[in-house]
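These notes concern the structure reproduced below.
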Amino acid sequence: MNAMHPLSSQDIVSIWEVGLRQHPLDRALTILHAVYPDVGLQDLAALSIGQRDWHLIALYERLFGRNFSGLLHCPACGEPLEFTVDSDQIRVMHDPDEADGVLEMALDGYDLRFRPANSYDLAAILHCADVQAAQQKLFGRCLLQVSQGGMEVSPEVLPEHAVTAVDEALAARDAQADIRFDLVCPDCQHAWQAAFEVLTFLWAQISAAAQHLLYDVHILAQAYGWSERDILALSESRRRWYLEMANA
Ligand SMILES: [Zn+2]
């Protein structure tokens with residue numbers, strides 16, 4: 001993919017407006033499409049989840065810096081815990097191309113071909129009855145071929161340890177898809193690993209930025225009678241300056 005397209009104030013508001021009524025899976029694609037307008041939505045949806053998140057981390061850094069801050073509750077004592085993680089702590093792939101391509105493995109006489117999960121796969125398992133059904137369906141989608149002695153066989157014949165081996169190979173290949181970070185509760189010293197979802201942080205920041213921009217539009221439109229479009233087209237420093245005048 002080419003370099004990221006810079007986002008204007010209008011882009012931030014548009015992403016927020018569209019993303020507000022979308023499922024997070026689509027919201028991630030809306031954000032990526034805004035910074036990679038030359039890449040079609042279908043190609044963005046076909047990125048592995050690790051690749052998708054790698055790009056979302058890069059965008060977060062560009063727009064909001066390297067720190068991801070949040071609030072969690074200790075699973076042992078329930079006390080709230082503020083945390084900040086640095087982007088270096090949660091970036092595990094140097095390059096998104098690391099997750100590209102089909103994997104092959106020979107195990108117990110079976111030849112297996114499989115690929116990491118993408119947004120289409122996660123969308124396909126949204127309405128599964130339970131976690132186990134979702135895992136099975138996801139596995140079935142990512143397993144492209146099972147053969148034995150050159151003959152294709154049903155994936156159902158695979159022994160449990162072969163399924164585990166495929167899962168492990170996929171987790172290693174698309175390492176950015178499942179990120180956890182260490183936390184220790186300062187109150188009870190309980191230590192645990194929390195899952196890191198970059199989209200949650202990025203969306204919270206985009207929402208806050210968009211609403212802040214619209215508030216500025218509200219103040220400046222009242223003060224000067226300018227249109228939303230003209231106000232959003234102002235540079236940050238000009239907007240701040242006029243806001244100070246309007247609030248004076
Ligand atoms: Zn605790």
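The values are calculated or read from the model by the stated rules, or taken from the named source; none is laboratory data. Since this is a predicted model, take the numbers as computed values, not measurements. Glycine also receives a Cβ, built like all others from the backbone with ideal geometry; neighbour counts cover every protein chain displayed.
Taking the stretch 59-80 on its own, how many of its residues are part of a helix (DSSP H, G or I) and either farther than 22 Å from Leu32 by Cβ or aromatic (Phe, Trp, Tyr) (or both)?
The total comes to 2.
Please enumerate the residues belonging to the stretch 162-211 that are free of Cβ contacts under 8 Å to residues at least 40 places away in the same chain, more than 13 Å from the chain's Cα centre (by Cα) and either surrounded by 14 or more Cβ atoms within 10 Å (Cβ to Cβ) or more than 16 Å from the ligand (Cβ to nearest atom) (or both).
Residues satisfying the conditions are Val163, Thr164, Asp167, Glu168, Ala171, Ala172, Arg180, Ala208.
Identify the residue in the stretch 66-78 that is farther than 14 Å from Trp192 by Cα and surrounded by 10 or more Cβ atoms within 10 Å (Cβ to Cβ) and, among all such residues, is nearest to the ligand (Cβ to nearest atom).
Top of the filtered list is Gly70.
Return a yes/no flag: does the stretch 19-38 have any residue that is more than 16 Å from the chain's Cα centre (by Cα) and free of Cβ contacts under 8 Å to residues at least 24 places away in the same chain.
Checked the stretch 19-38: at least one residue is more than 16 Å from the chain's Cα centre (by Cα) and free of Cβ contacts under 8 Å to residues at least 24 places away in the same chain.
Which of (1) part of a helix (DSSP H, G or I); (2) not assigned by TED's automatic domain parsing to the domain that holds Ala208 does Ala28 not meet, given it meets every other one?
Result: Ala28 fails condition (2) only.
Identify all residues within the stretch 224-248 that are assigned to a helix (DSSP H, G or I) and surrounded by 15 or more Cβ atoms within 10 Å (Cβ to Cβ); write none if there are none.
Glu228, Ile231, Leu232, Arg239, Tyr242, Leu243
Looking at (1) more than 24 Å from Leu202 (Cα to Cα); (2) surrounded by 14 or more Cβ atoms within 10 Å (Cβ to Cβ); (3) within 16 Å of the ligand (Cβ to nearest atom), find the lone condition where Phe114 falls short.
Single failed check for Phe114: (3).
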